[in-house]
Ligand SMILES: *Cc1c(COP(=O)(O)O)cnc(C)c1O
């Protein structure tokens, strides 16, 4: 794992690779007491030629910088972040699955590691990266997930931190998620907390609906996490002849959609087979020849280096 520290007044300057293991912190560390922490997630792929590649790592670096600003933390520069990710992947080279069998999931953390008792930013910060091999999410193509539309629990509120990847956004969704899972659903789809009318996203992925070949996804306005997969889908849609709209999407439109899918680094694209809202179940188109299936193969082909990367999204590690 990669570790780099700096004090509140300083900038990150130099980090190093350590053996993976436990880290020591004061019981009064800012992250433990007040949740001052951010995480990121990205994948490294091994290609047929043996070369290792990352997908848009600068986007993760920029997102961490925005989050750090919101959480009163210093953050590594884009260059430091990408370099640290590369070093971590190279050090864990033997754990990167063979082409087509999965990828190395890379998890950067930025935490207030220094002691602080009164409510204030921590005096010291730690940037850490560890990694774990992961399989491809779906073995036989894309298997659809079933979502529960929740209007009781909310993931984020205007003015809050839903738009940044702070660790403190995630424990609060566990209860909503557990309730949905106990009823047989895969995850929760959250609505806006003010009118309980517009779609926001799932616990850890963004949502898209398809109606008459027009693809729509909720606008990012502080309560939705700006996913890099979401952004990539929006950017490749025009190349595949799809019309894409970023706008408020109501739950009524969700009920009336032809197709629904979720996006995130872990799943890439997860087609939604059905949703449940106010006791009403709606089913969607899934399987081959769907928009989500086409976009999934378009995106994964770029990530795995099976097609030429005309978007300039992949970063080779040498
Ligand atoms: C990480 C995350 C996403 C997906 O972002 P990607 O950059 O595509 O992985 C979406 N929603 C939430 C709440 C997330 O934490």
Note to self: C-alpha centroids of the range 35-71 and the range 139-213 sit apart, in Å, by 22
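Find the all-direction average of the projected area of the Cα convex hull for the range 185-318, expressing the result in square nanometres with one decimal place. Before the final figure, lay out each step's value.
Working: hull surface 35.6 nm².
Taking a quarter of the hull surface, the average projection is 8.9 nm².
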Tilt, helix 78-91 to longest principal axis of the chain (alpha-carbon atoms), in degrees rounded to tens, equals 90
Treating every alpha carbon of the range 28-153 as one equal point scatterer without solvent, the Debye formula yields log10 I(q)/I(0) values at q = 0.10 Å⁻¹ of -0.43
Once normalised by the length of the chain, the mean sequence separation of its alpha carbon contacts under 8 Å that are 6 or more apart gives a contact order in percent of 19
Quotient of Cα radius of gyration and Kirkwood radius for the range 14-72, i.e. Rg/Rh, equals 1.08
Relative contact order in percent for the range 1-159 (Cα pairs under 8 Å, 6+ apart) equals 30
Expected unfolding gain across residue 239-residue 7 under the 0.36 nm per residue rule, minus the alpha-carbon gap, is 79.0 nm
A correct Stokes-Einstein calculation for the range 108-224, using the alpha-carbon Kirkwood radius, 25 °C and 0.890 mPa s, returns a whole-number D in µm² s⁻¹ of 145
In degrees, nearest 10, the alpha-carbon axis of helix 57-70 is tilted away from the dominant principal axis of the alpha carbons of the chain by 70
Pseudo-spin-label distance residue 280 to residue 105, built 7 Å along Cα→Cβ, given in nm, is 3.5
For the chain, the longest principal axis of the Cα atoms and the Cα long axis of helix 291-303 enclose an angle in degrees, to the nearest 10, of 30
Sorted largest first, the Cα spans of the chain on the principal axes come out in Å as 53, 50, 33
Summing -39500 (n - 2.57) over every DSSP H run of at least 4 residues in the chain and dividing by its residue count gives a helix-only mean residue ellipticity at 222 nm, to the nearest 500 deg cm²/dmol, of -6500 deg cm²/dmol
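Give me 259, 246, 289 ranked fewest to most by other Cβ atoms within 10 Å of their Cβ, as a rough exposure proxy.
Working: 259 19, 246 13, 289 8.
Least crowded to most crowded, the residues run 289, 246, 259.
Quick note: the coordinates plus some simple rules give every number you see, no bench work behind them. Just so we're clear, the structure is a prediction, and the values are computed from it rather than from any experiment. Positions of Cβ are generated from backbone atoms using ideal geometry, with glycine treated the same way; all protein chains shown enter the neighbour counts.
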